[in-house]
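All remarks here apply to the structure that follows.
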Amino acid sequence: MSLTTEDVSRIALLSRIELSAAERESTREQLNGILGFIEQLQAVDTAGIEPMAHAVDVVQRLRPDLVTETDRRADFQAVAPETEAGLYLVPRVVE
Amino acid sequence: MNWEVVIGLETHAQLQTKSKIFSGSSIAFGAEPNVQANAIDIALPGVLPVLNREAVVCAIKFGLAVGASIAPRSVFARKNYFYPDLPKGYQISQFEIPVVQGGGLAIRVGEQEKFVHLTRAHLEEDAGKSLHEDFHGKSGIDLNRAGTPLLEIVTEPDMRSSLEAVAYARALHALVQWIGICDGNMQEGSFRCDANVSVRPLGQKEFGTRREIKNLNSFRFMQQAIDYEVQWQINEITEGRAIRQATVLFDPDTGETRAMRSKEDAHDYRYFPDPDLLPLEIGADWIAEVNAGLPELPQVMQARFQAEYELSAYDAAILTASRAMADYYVAAVAIAGAANGKAVANWIMGELAARLNRNDMEVAASPISAAQLAGLIQRIADHTISNNIAKIVFEALWNGEGGGQANAADEIIEKQGLKQITDTGAIEKIIDEVLATNQKSVDEFRAGKEKAFNALVGQAMKATRGKANPQQVNDLLKKKLGG
C-alpha cells in the first residue's frame, strides 16, 4: 500500500498539521517508508498467536479511588498564553 | 405511506467515584474553574494516566445488572479529534474491546413489555467545558470536568417510538441509580442521552439514514426532539429529498432540531490502542466479589413482589421504578406485614402517588413516612377504622399531624375519636334513632323502594360520623326492617 499526496493532505488536515507542497512530498515518502515496515511485519505468519493490544505483555495496574491532587491552578495558568476568571482563553470556537 | 421509526440511544452516565478516571483530581460538581484540573487532566507533557479501580467496579456492576458479559480483557483506545476542551487532542475511550458487551433492559410502555438490547458499554473520560460568552471574542475553557469517569451505554436500534425511547431512558436512569454507579442528576449533566433516529417505510428491511440528536438532558426534551425529528425526516423524504447523516441539536425554545455539522470527517477518529494504558484484566473472582455486593435488582424484586404479595406485574413494575420507591414499599410492608402487601401497594400507588404528584414531589420527600403509612394500613386491617375514615387520617398525616412518630396514625385516631364503632348494641341504638326520625324513608322502603334503604344507611353512617362499620350497619338495618 502506498499513500498519494491527497492521502497525506487529508491526514495532515485531520492532525491539524500545516504542510507546504515540499513537506507534503517528503512526508509522503517517509510515511510510505513506514508502511513498508508494516508490510514486512504483516508478512510474518502469526496464525495461532493471540493478538496483543500492547507491546508489553502485562496488565493494567489500578489506582485506589482517592483524591490525591490539590489545586495548582495558579502554577499551571502562569504558563498559559491567556487566562481570565480562572479560565484558559482560546480563539473563539463556535459550531 | 406508513412509516416505521427506528431509534438507538447512547447514554453517558457519569460514574459516582471520588476522583477522576485517570488522575487523583476530585470530580465534585460546582468547583471554581480549573481548580480540579491537574497536570494529567490538562495534558502537560510527560504525564501518565492510571486507571481508577472504582470506575471499573462501576462498569462491572452495570454489566452484571443488565446481564451482559464482562470482558476478561478490555483495551483503552485513543479517539482523536481537536477541540479546545480536549487538551490531549484525543479522548481516552474504548473501541474494539469494550468492558461490557451485550445484555439488555426490559422496558414497559403502558401494559406493553419490550426488551431493549445493548450493544456495549465502555469506560471513557469526559471532556472539559467551553464557555463562549463574555470573553471579548474568545472562548473560555474550564477543564474541571476533563477526565471525569463516564460509562457510555449503547443500545441496538431496538426502539420504535419516542415513547419507547423515553421508557428505556427512564429504566436505565433508574437502574444506574439503583446500583449506585451514577447519581442520575440530569441538570448537572450526570446522565445525558444522544438519540440516533431514522425512519423507513413500514416493511422495508434496510434502515434509513440516521441523524443523531445530541445532548438530550431531560426526558421531556427527548420525546419532543424525537417527535420533531421523525416528522422532519418523513417530510423531507416525502418531498423527495434524501436524508444526509448529521449531528443535530434540539432547541427547547423552538422545539426544533437543527443540524450541527456534517459528519463526513467527524467519524474519522483514527482510533488506536492507547500505548499509555495496558489491557484491563477482570478475573472471575473480581466479578464474583462485585456481584456479592450488588443490591437486589429491580426485575428480581418485581418477581418477588408478585410471588410474596400477590401484586400484578404492572403494580410490581411501578413499585420498582426507582430505588426510592422500592425502599419505601419494602419498609412499609416490613411493618404492615406481608398479608397487607397488596393494601400497602394500593395506598402507595393510589392516595400517596396522587398526593405526591399534585405537589410535584418524589417519594423520597414524602411527608408521610413508610412507617406512618404502614401504621395507618394496620388500623384498617384490624378494623379500628374504615377505609373512608382512613382517608381522613391520611390527610392529617400528610399535614404533619400525629406527632411525626411511627405511631402518628394511632395518635390521630385517638385524638380525633375516629375509632370505628363495632359494638353492636351501640350501633343498634343509633339505627333505632334513625328509623324513628326517618319514617318517610322507612315507609318508602316498605313500599318497595330500594333507594330508601341506602338513604337510611347514609343517615346511620352520618349519625356515627362515619365511624360505624358500613357492612355491620347494613346487616343490622336489614334485620330491623325485615323484622
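Report yes if residue A:37 is closer than 30 Å to residue B:49 by Cα and either more than 7 Å from chain B (Cβ to nearest Cβ) or in contact with a helix residue (DSSP H, G or I) (Cβ under 7 Å, 6 or more places away or on another chain) (or both), otherwise no.
Considered against the rule, which asks whether it is closer than 30 Å to residue B:49 by Cα and either more than 7 Å from chain B (Cβ to nearest Cβ) or in contact with a helix residue (DSSP H, G or I) (Cβ under 7 Å, 6 or more places away or on another chain) (or both), residue A:37 comes out as yes.
How many of the residues in the stretch B:285-308 are part of a helix (DSSP H, G or I), closer than 16 Å to residue B:177 by Cβ and free of Cβ contacts under 8 Å to residues at least 40 places away in the same chain?
1
Give me the pairs: first residue in the stretch B:182-202 and more than 15 Å from residue B:10 (Cα to Cα), second residue part of a loop (DSSP other than H, G, I, E, B) and among the aromatic types (Phe, Trp, Tyr), beta-carbon distance under 9 Å, and six or more apart or on different chains, which are they?
Going by the 9 Å Cβ cut-off, the qualifying pairs are B:185/B:29; B:188/B:29; B:200/B:207.
Within the stretch B:443-468, track down each residue that is surrounded by 18 or more Cβ atoms within 10 Å (Cβ to Cβ) and over 29 Å from residue B:416 (Cβ atoms).
The answer is B:445, B:452.
Can you tell me which of (1) within 14 Å of another protein chain (Cβ to nearest Cβ); (2) buried (at least 20 other Cβ atoms within 10 Å of the Cβ); (3) at positive phi is the one residue B:149 doesn't meet?
Against the list (1) within 14 Å of another protein chain (Cβ to nearest Cβ); (2) buried (at least 20 other Cβ atoms within 10 Å of the Cβ); (3) at positive phi, residue B:149 comes up short only on (3).
Please work out if residue B:77 is more than 14 Å from every other protein chain (Cβ to nearest Cβ), surrounded by 21 or more Cβ atoms within 10 Å (Cβ to Cβ), small (Gly, Ala, Ser) and farther than 30 Å from residue B:202 by Cβ.
no
Looking at (1) closer than 29 Å to residue B:476 by Cα; (2) within 24 Å of the chain's Cα centre (by Cα), which is the one condition that is false for residue B:359?
Every condition holds for residue B:359 apart from (1).
Of everything in the stretch A:48-68 that's more than 26 Å from the chain's Cα centre (by Cα) and not hydroxyl-bearing (Ser, Thr, Tyr), which residue is farthest from the other protein chains (Cβ to nearest Cβ)?
Looking at the filtered set, the residue picked out is A:48.
Evaluate the following for residue A:3: is it over 30 Å from residue B:56 (Cβ atoms), within 25 Å of the chain's Cα centre (by Cα) and part of a loop (DSSP other than H, G, I, E, B)?
yes
Taking the stretch B:3-60 on its own, how many of its residues are among the charged types (D, E, K, R) and surrounded by fewer than 19 Cβ atoms within 10 Å (Cβ to Cβ)?
Residues meeting the conditions: 5.
Can you report the number of residues in the stretch B:432-443 which are farther than 12 Å from residue B:453 by Cα and either of a type in the set (A, V, I, L, M) or in contact with a strand residue (DSSP E or B) (Cβ under 8 Å, 6 or more places away or on another chain) (or both)?
1
Can you tell me which of B:354, B:343, B:331, B:339 is closer than 23 Å to residue B:295 by Cβ, aliphatic (A, V, I, L, M) and part of a helix (DSSP H, G or I)?
B:331
Can you tell me which residues in the stretch A:29-47 are more than 20 Å from the chain's Cα centre (by Cα) and under 19 Å from residue B:273 (Cα atoms)?
Scanning the stretch A:29-47 gives A:41, A:42.
Counting just the residues of the stretch B:393-413 that are touching a residue at least 24 places away in the same chain (Cβ under 8 Å) and more than 30 Å from the chain's Cα centre (by Cα), which one comes out nearest to residue B:356 (Cα to Cα)?
B:402
Which condition does residue A:75 not pass, out of (1) at pLDDT 95 or above; (2) facing chain B (nearest Cβ under 7 Å); (3) loosely packed, with under 11 Cβ neighbours inside 10 Å, if it passes all the others?
Unmet for residue A:75, out of (1) at pLDDT 95 or above; (2) facing chain B (nearest Cβ under 7 Å); (3) loosely packed, with under 11 Cβ neighbours inside 10 Å: (2).
Taking the condition in contact with a Gly (Cβ under 9 Å, 6 or more places away or on another chain), more than 20 Å from residue B:214 (Cβ to Cβ) and among the aliphatic types (A, V, I, L, M), does residue B:123 pass?
Answer is no for this residue.
Residues of the stretch B:101-111 being within 22 Å of the chain's Cα centre (by Cα) and either closer than 16 Å to residue B:316 by Cβ or part of a strand (DSSP E or B) (or both), which ones?
B:104, B:105, B:106, B:107, B:108, B:109, B:110, B:111
Sort out which residues of the stretch B:23-80 are under 29 Å from residue A:51 (Cβ atoms), in contact with a Gly (Cβ under 8 Å, 6 or more places away or on another chain) and not small (Gly, Ala, Ser), and write them in order of number.
B:40, B:61, B:66, B:70, B:72, B:80
Are any residues in the stretch B:149-188 in a loop (DSSP other than H, G, I, E, B) and over 16 Å from the mean Cα position of the chain (by Cα), and if so, which ones?
B:156, B:157, B:158, B:160, B:161, B:188 - these are the residues of the stretch B:149-188 that are in a loop (DSSP other than H, G, I, E, B) and over 16 Å from the mean Cα position of the chain (by Cα).
Could you check how many residues of the stretch A:57-69 are loosely packed, with under 15 Cβ neighbours inside 10 Å and at pLDDT 95 or above?
Final tally of qualifying residues: 3.
Could you list, in sequence order, all residues of the stretch B:1-23 that are under 26 Å from residue A:62 (Cβ atoms), small (Gly, Ala, Ser) and touching a residue at least 60 places away in the same chain (Cβ under 8 Å)?
B:13, B:23
Limited to the stretch B:35-64, what total is found for residues that are touching a Leu at 6+ places or on another chain (Cβ under 6 Å), within 8 Å of another protein chain (Cβ to nearest Cβ) and part of a helix (DSSP H, G or I)?
Of the residues in that region, 2 qualify.
What pairs come out if I take residues in the stretch B:119-138 that are within 14 Å of another protein chain (Cβ to nearest Cβ) and of a type in the set (D, E, K, R) and pair them with residues that are in a loop (DSSP other than H, G, I, E, B) and surrounded by fewer than 16 Cβ atoms within 10 Å (Cβ to Cβ) whose C-beta lies under 6 Å away, six or more apart or interchain?
Note: pairs meeting the criteria are B:138/A:92.
Only one of B:481, B:435 is touching a Lys or Arg at 6+ places or on another chain (Cβ under 7 Å) and in a helix (DSSP H, G or I). Can you tell me which?
Step by step, each of B:481, B:435 is checked, and only B:435 is touching a Lys or Arg at 6+ places or on another chain (Cβ under 7 Å) and in a helix (DSSP H, G or I).
Filter the stretch B:376-400 down to the residues that are of a type in the set (D, E, K, R) and at pLDDT 90 or above, then identify the one that is surrounded by the most Cβ atoms within 10 Å (Cβ to Cβ).
That would be B:379.
Have a look at B:114, B:88 and point out the one that is part of a loop (DSSP other than H, G, I, E, B), more than 12 Å from chain A (Cβ to nearest Cβ), surrounded by fewer than 22 Cβ atoms within 10 Å (Cβ to Cβ) and not polar (S, T, N, Q).
B:88
Would you say residue B:108 is within 11 Å of another protein chain (Cβ to nearest Cβ), basic (Lys, Arg) and on the phi < 0 side of the Ramachandran plot?
Judged against the criteria, residue B:108 is not a match.
The values are calculated or read from the model by the stated rules, or taken from the named source; none is laboratory data. Note that the structure is a prediction, hence the values are computed from the model and not measured. With ideal geometry, Cβ positions are generated from the backbone for all residues, glycine too; neighbour counts draw on all protein chains shown.
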